[in-house]
């Protein structure tokens with residue numbers, strides 16, 4: 001099979017995460033490349049046909065290239081990327097927020113967040129934590145593994161107003177149709 005470039009693998013990662021959320025949620029509306037309240041979100045899912053929890057995912061392609069020589073350096077680099085992205089994700093309106101990692105090799109398969117990283121991606125008041133997903137390209141189809149489960153952030157009326165406005169202006173990439 002010919003090698004795909006990073007942009008193609010990013011698209012494959014979006015599809016894999018979309019499938020993951022479709023299996024995880026009840027009846028989500030899923031949007032790819034969403035402009036969510038002025039911020040880019042790679043995958044956005046609004047559960048229960050648009051009236052439930054909002055899930056947002058930002059995908060980080062961890063391009064190692066000729067970079068780190070061993071697995072531990074890859075993990076350290078991935079953790080740094082999550083840390084840099086976490087502030088933006090923490091500020092997004094939504095109930096569940098995730099950072100997803102991928103690279104074309106299998107170096108991230110064993111990624112597990114450290115206690116320091118987990119603390120950094122937990123809300124300061126303890127209500128909410130970013131989830132960490134790892135997209136694995138080792139098989140025929142990409143698969144998604146949860147490295148750290150997300151915890152629900154505080155809800156607000158604004159989240160639902162933003163979701164209602166978004167759904168009225170955009171077509172879902174995937175939704176349950178009757």
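The values are calculated or read from the model by the stated rules, or taken from the named source; none is laboratory data. None of the values given here were measured: they were computed from a predicted structure. Virtual Cβ from ideal backbone geometry, glycine too; neighbours counted across all protein chains shown.
Among the residues in the stretch 89-108, are any under 16 Å from the mean Cα position of the chain (by Cα), over 27 Å from residue 164 (Cα atoms), buried (at least 21 other Cβ atoms within 10 Å of the Cβ) and modelled with pLDDT under 80? Checked against the condition, which is being under 16 Å from the mean Cα position of the chain (by Cα), over 27 Å from residue 164 (Cα atoms), buried (at least 21 other Cβ atoms within 10 Å of the Cβ) and modelled with pLDDT under 80, the stretch 89-108 yields at least one hit. Looking across the stretch 28-62 at every residue that is on the phi > 0 side of the Ramachandran plot and not in a strand (DSSP E or B), the one that is surrounded by the most Cβ atoms within 10 Å (Cβ to Cβ) is identified as 50. Within the stretch 12-43, the residues that satisfy the criterion of being within 15 Å of residue 58 (Cβ to Cβ) and over 13 Å from the mean Cα position of the chain (by Cα) are 35, 36, 37, 38, 39. Tell me, yes or no, whether the stretch 37-58 has at least one residue that is at pLDDT 90 or above and more than 28 Å from residue 157 (Cβ to Cβ). No, there is no match, as no residue in the stretch 37-58 is at pLDDT 90 or above and more than 28 Å from residue 157 (Cβ to Cβ). Against the definition (at pLDDT 90 or above and touching a helix residue (DSSP H, G or I) at 6+ places or on another chain (Cβ under 9 Å)), how does residue 132 come out, yes or no? Spelling it out, residue 132 is indeed at pLDDT 90 or above and touching a helix residue (DSSP H, G or I) at 6+ places or on another chain (Cβ under 9 Å). Just to verify a result, which residue in the stretch 140-173, among those that are surrounded by fewer than 17 Cβ atoms within 10 Å (Cβ to Cβ), in contact with a strand residue (DSSP E or B) (Cβ under 7 Å, 6 or more places away or on another chain) and in contact (Cβ under 8 Å) with a residue 60 or more places away in the chain, is farthest from residue 35 (Cα to Cα)? It comes out as 143.
Here is a yes/no grid of residues against (1) within 16 Å of residue 52 (Cα to Cα); (2) in a loop (DSSP other than H, G, I, E, B):
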site: 100; (1), (2): no, no
site: 117; (1), (2): no, no
site: 132; (1), (2): no, no
site: 146; (1), (2): no, no
site: 155; (1), (2): yes, yes
site: 163; (1), (2): yes, no
